[in-house]
Every structure is written in C-alpha cells, then in structure tokens.
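Take a look at the structure set out below.
Each reported figure results from applying straightforward, stated rules to the coordinates on display, with no laboratory input. If you're wondering where the values come from, they're calculated on a predicted model, not measured in any experiment. No Cβ is skipped: glycine too gets one built from the backbone with ideal geometry, and neighbour counts run over all protein chains shown.
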Amino acid sequence: MHIPILVAGGGIVGLLTLREIHKIFPDADKALLEKGHYFGDAASGRNSGVMHAGLYYPSDSLKLKFCLEGNSLWEELAHELNIPFSRCGKYLVAATVDEVEVLDELFDHAKTNGVQGLRWVKGDELSTLENYCFVEEAFFSPQSGFISPSAATAAIRDVLFKKNIPLMNDYEVTGVSKVGNVFEIRTNRETFTCDIFINATGAFAPSLRRQLGLDDFEAYWVKGNYLKLNKKFYTDSLIYPVPPKGLKGLGVHTSFDFDGGVVRFGPDTQECPKGYEHSLNENLVEEMYPAISKLFKGIEREDLQQDYCGIRAKIKRHGELFSDFWLGTSLEHGVEGYFEFLGIESPGLTAAPALAKEMAKQVGHNFSKK
Ligand SMILES: Cc1cc2nc3c(=O)[nH]c(=O)nc-3n(C[C@H](O)[C@H](O)[C@H](O)COP(=O)(O)OP(=O)(O)OC[C@H]3O[C@@H](n4cnc5c(N)ncnc54)[C@H](O)[C@@H]3O)c2cc1C
C-alpha cells in the first residue's frame, strides 16, 4: 500500500508531528506506525512530566530554543485540549556549601538563557523550604511547571483519531530502504511505500536510520528510576538539587501526579546492561536513598517504594556523546524525503510541540516539491 507520508514512532514527538503535518496538508494521506500496543508507552509515558524553563542548556543549543518555545506552546495546548497543566514553579537548592558556587553560576546562566522571573529565595519562603530541605541557598523559577504526560499523549492521539488519521499500533518497522524516489517500509505485518518517511522512534532512531546507510550516530541508553513516597510531603512546587557534575541527568528531584498528589523522587541515572527494558533493581531504595536524604529532610527508607523507570534516548556521534537534539533533513544526511529526530531526551517532553512544528515546516517544503 502506498501512503505518501508515514511517521514511525507513536510517542509524544511522533504524534504531535503528525498533527502539525495534517494542519499543513489536510488532504494528503498519512499514517503512523507504532510497534507497541499503546501510544506513548516508552519515554513519553515514563518521565517526570516537568515543563522545563530552559535553565540548564547551552545558550546556542536546540535544546534551549525548543524548550523555551515548547514551554509556552504546551500551556496553549493544555488549555485547548483540557490536559492537566500546572505552572507550579521550581526551587533549585544548594544543600551544601560546596554547591553554592555552582548554583550561582546556574542562576546567571539561566538569566543569560532568557528564563523569566528568576528570584533568590529569602525570608519566610526560605524558612518554609528549610522545613523540608537542607538549604544553603536556593532560587525559584516560576516558568517551570508540570503536565500529565499520559493525559497529554492521550489527548493528541484522540485528536488524530477524530480526524480519521490511521494510527497503527502493533506495527513495528523492521526495515527501511529507498527504491528510486519512494521508501519501502517493511513492518512485522505488511510492507508500505511512502514519499516522506519520518523517523520518530526515540531510543531506536539510530538503528532505523542505519538501514538507509546513515551510520554516524549510535544509540546510548541511560535508565532513570523513580521511587514513590508513602506519606505527605511539601508538594506545591518542584524541588531540584544542583545538577551533580558529570551525571547524565539533572539529579534526583520531586515530581507528582495530578490525581491524588502522589510525590515521587527521581530519576537517578543507571546504565542499561540488559538493553532496553523497564525492570527495577530490587535494592533501588537503598541505591537512591543517599541522593534523597542529602537534600530532603525527614524521609526514611521505609517511606519509599519502587515506582517505575524510563530510558533516556541519548546518542553518540562518531563515538562521542552528542548532547543536543538532532533534527535531520536531507540537508544534513542527503537522503531526500527522509526526516529524523535523534537524541530527544529531556527536555524533549517540554520541547515536543515546538520540535513538531519545526519538523512539519521542513516536511512541508519538501512535500510541496513532489
Ligand atoms: C526518566 C526520564 C525523565 C524525563 N523527564 C522529562 C521531564 O521532566 N521533562 C521533559 O521535558 N522531558 C523529560 N524526559 C524526556 C522525554 O520523556 C522525551 O524526550 C520524550 O518523551 C521523547 O518522546 P519521543 O516521542 O521522541 O520518544 P518515545 O516516547 O520513546 O517514543 C518513541 C516511540 O517509537 C516506538 N518505536 C520504536 N521503534 C519502533 C519501530 N521500529 N517501529 C515502530 N515504532 C517504534 C516506541 O515504541 C515509542 O513508542 C524524560 C525522559 C526520561 C527517560
């Protein structure tokens, strides 16, 4: 079967991209292939749900550009599609004296990045924070927020369903090749051809592109685990540590659910010796407790229980860790009609609506020429 536009990967990035493409080409046939039974069951459903404000990323990075744009786009989308969203803000906390200098640098960097409304925490607000945390110094970022990732994915999926766009679950893309001007897309069920192929398969994107002869990127996965707190805690705003040097994440912080106010701590950073799988270590509480008790007061090991984990889709380029987002078009890789997202790790949820708009724009230029 020939479908002019095919997207592989039904996470938040693939779903939003298809929605944006449909806005530009409402009459073109298009479809999405997802290998799982559910949409958004990989990284998109296994994260912290934090709407990042752009504090951490290099000023000239795509991560910053799309994070800032995505942060405000989500607020509009949440309103339009009735997705739970909170502009709860977040505290960045130096728990020890030796973290203060790094916190000061982070504050200055965030200002340079154009993050709005940053302020140092003082007076009564500081005393309140000290009830729950070890604090040497802290600042507050009001533009940081929280969204329900599962509600967000479900809302976008439903929008596409209502427009009768085929979203094909249990369809794993097993092979891709270009024959003349069309792509042949082989799946576990049937083979399709298409003119435009968009690879939004997250952690698996590098292995899929390799089939088109593009082998300068390889996948590198880092697991992040979460623990659930079994008692009440300060939940109004997010609380983050100073990012530990050399760690492949932002450090163990709080996050929560809209329904029932469950508080979590995570994610940590662990290698994936068993590949891409979501099992939890038996001694996770023991492993994560030092990072939690360093920042948060009054939490005992028995207050914590295992919750879930997600896998960060990092990439290596020529063997080196490549730490920015990568949006690939023929200008970079030379394969006309092929588009790709690589390395969409955090803040990928925040950035997703902006990434999708940009990709749809690129696809639009290409498709109009056909
Ligand atoms: C632990 C953790 C915490 C995070 N916290 C945050 C946060 O707080 N804020 C934030 O902004 N971002 C966060 N992120 C990042 C965010 O979750 C991701 O950037 C985002 O979900 C990426 O979406 P995606 O659609 O690219 O990938 P995915 O959600 O992984 O989707 C890819 C899809 O492709 C499918 N697929 C794979 N191979 C094939 C194939 N061959 N054929 C068909 N389908 C295939 C998969 O099944 C999957 O559904 C976090 C990530 C992790 C892991």
Tilt, helix 62-81 to longest principal axis of the chain (alpha-carbon atoms), in degrees rounded to tens, equals 90
The chain - percent relative contact order, Cα under 8 Å, separation 6 or more = 25
Relative to the chain, whose Cα atoms define the longest principal axis, helix 12-24 and its Cα axis are tilted in degrees, nearest 10, by 50
Mean Cβ neighbour count within 10 Å, used as a protection proxy, ranking 27-35, 63-71 highest first = 63-71, 27-35
Segments 159-165, 1-7, 277-283 sorted - mean Cβ within 10 Å per residue, highest first = 1-7, 159-165, 277-283
For the Cα atoms of the chain, what angle does the longest principal axis make with the long axis of helix 348-368, in degrees from 0 to 90, nearest 10?
-> 20
With respect to the cross-link table entries 35/274; 65/178; 90/357; 63/231, which display a Cα-Cα separation exceeding 24 Å?
-> 65/178; 90/357; 63/231
Average Cα contact separation per residue, the range 107-259, under 8 Å, 6 or more apart, as relative contact order % | 12
